[in-house]
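In what follows, a single structure is set out as structure tokens and then discussed.
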Amino acid sequence: MDKSKSINRFVCPAAVAGILLSASIALAGTENYDYKAAPPPEVQPSCETPGPFEIRIGVPGWLAGISGDSGVKGVVSSPDVSFDKLFNHLTHVPIVLSIDVRYQRWELFGDGQYMEVGTSAALPGLLFTTANLHIKSGLAEGFLGYRLINCSKAALSLFAGARYSYLGGDFSLVNNGDARLVILRQLLGIRNKLNFSGSTGWVDPVLGARGKVKLWKAISLYAEGDVGGFEANSGSAFQVHRKGLTIVKTPISSSDWSYQVQGGIEFQLTRNMWTQLGWRYLKYDYVSAGFTNKTEMNGPFVQGGINF
């Protein structure tokens, strides 16, 4: 018998048996495989971007106390009205508004406020014992920002813009009404009442940053800070004081700076309504011509609004 034919007869059945054995083992390994099992979950991106366009309109309520030095025509007084006593000194209902528009990473936002407060202070001396102070202050600010981080759960922006500030003041110094000093006042040529009033406005360049972080579902933390002025409106300045019977102007250093920080918590009440609770602090260091506004506006901040 031919040896090659004998080998083929032996190898071919063995090869077929090996193939069948391998197939059976493979099929046995798939008995426990669940063909209906769900595929592995997709990996979510770490930054989910918000919609391309958003508008927010708010009505802020800033219970800002006022302290520091304020003056017009060189006459400086030091008001001190804390935020918890603000309603006792308001002489005009505050006018407020804020708006925030975002397209992609670009933001355009701003706010404004006008407020009037009045207070009195006792003065040392015999000829004048009371100083009445009425301050009118306002600000309007607008900024253009760019989001370095633009995620639904976190955002960080740098911005630049301008802040318009208004200062008006009415000061009156009143005598103590002591009849024994009537002749003395006549000899010195001092009137029973001295009035000083005036107003000014100026625009400061501003640079700042703001951000927001979502804590849980509809609750977020927000913060904002800026610096303005940069001596843009500084120049000559003066104060006045009495030297004998003469009012004398004394040159003083001029300055123009402002600093602001605010932050708190935000609640998205519904799909289109939100509110903020926080604290806001604004400091002025403005001295120019006969005007002085070295005051701090400091107090709780509450705002409600709509977004769409």
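The values are calculated or read from the model by the stated rules, or taken from the named source; none is laboratory data. Because the structure is predicted, anything quoted here is derived from the model rather than measured. Every residue, glycine as well, gets a Cβ built from its backbone with ideal geometry; the counts of neighbours run over all protein chains shown.
Would it be correct to say that I95 is at pLDDT 85 or above and among the β-branched types (V, I, T)?
Spelling it out, it is not the case that I95 is at pLDDT 85 or above and among the β-branched types (V, I, T).
Here is a yes/no grid of residues against (1) hydrophobic (A, V, I, L, M, F, W, C); (2) more than 14 Å from the chain's Cα centre (by Cα); (3) buried (at least 18 other Cβ atoms within 10 Å of the Cβ):
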residue: V261; (1), (2), (3): yes, no, no
residue: T270; (1), (2), (3): no, yes, no
residue: L282; (1), (2), (3): yes, no, yes
residue: T292; (1), (2), (3): no, yes, yes
residue: T295; (1), (2), (3): no, yes, yes
residue: P300; (1), (2), (3): no, no, no
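Any residue at all in the stretch 275-295 that's among the aliphatic types (A, V, I, L, M) and modelled with pLDDT under 95?
Yes, there is a match, as at least one residue in the stretch 275-295 is among the aliphatic types (A, V, I, L, M) and modelled with pLDDT under 95.
Give the number of residues within the stretch 113-139 that are within 19 Å of the chain's Cα centre (by Cα) and either surrounded by 17 or more Cβ atoms within 10 Å (Cβ to Cβ) or modelled with pLDDT of 95 or more (or both).
5
List every residue pair whose Cβ atoms sit under 7 Å apart, with the two residues 6 or more apart in sequence or on different chains, where the first one lies in the stretch 64-79 and is under 17 Å from P251 (Cα atoms) and modelled with pLDDT under 85 and the second, anywhere, is in a strand (DSSP E or B) and acidic (D, E).
Listed by first residue and then by second, the contacts come to V76/D69.
Step by step: first the residues of the stretch 233-290, then only those that are assigned to a strand (DSSP E or B) and free of Cβ contacts under 8 Å to residues at least 12 places away in the same chain, then the one that is nearest to I219 (Cα to Cα). Which residue is that?
Out of the qualifying residues, it is H241.
Enumerate the strands (runs of 3 or more DSSP E) found wholly within the stretch 43-105, keeping only those where 2 or more residues are of a type in the set (G, A, S).
Because the criterion is at least 2 residues that are of a type in the set (G, A, S), the strands (runs of 3 or more DSSP E) in the stretch 43-105 that meet it are 53-62, 65-72.
Looking at A209 and the list (1) within 22 Å of the chain's Cα centre (by Cα); (2) of a type in the set (A, V, I, L, M, F, W, C); (3) modelled with pLDDT under 95, which single condition is not satisfied?
It fails just one condition, (3).
Starting from the stretch 105-129, keep only residues that are over 30 Å from R210 (Cβ atoms) and among the charged types (D, E, K, R), then list their pairs with residues that are at pLDDT 60 or above and surrounded by fewer than 16 Cβ atoms within 10 Å (Cβ to Cβ) whose Cβ atoms are within a distance under 9 Å, requiring at least 6 positions of separation or different chains.
Note: no pairs meet the criteria.
Looking at (1) outside any strand (DSSP E or B); (2) in contact (Cβ under 8 Å) with a residue 60 or more places away in the chain; (3) among the aromatic types (F, W, Y), which one does F230 not meet, given that it meets all the others?
Only one criterion in (1) outside any strand (DSSP E or B); (2) in contact (Cβ under 8 Å) with a residue 60 or more places away in the chain; (3) among the aromatic types (F, W, Y) is unmet by F230, namely (2).
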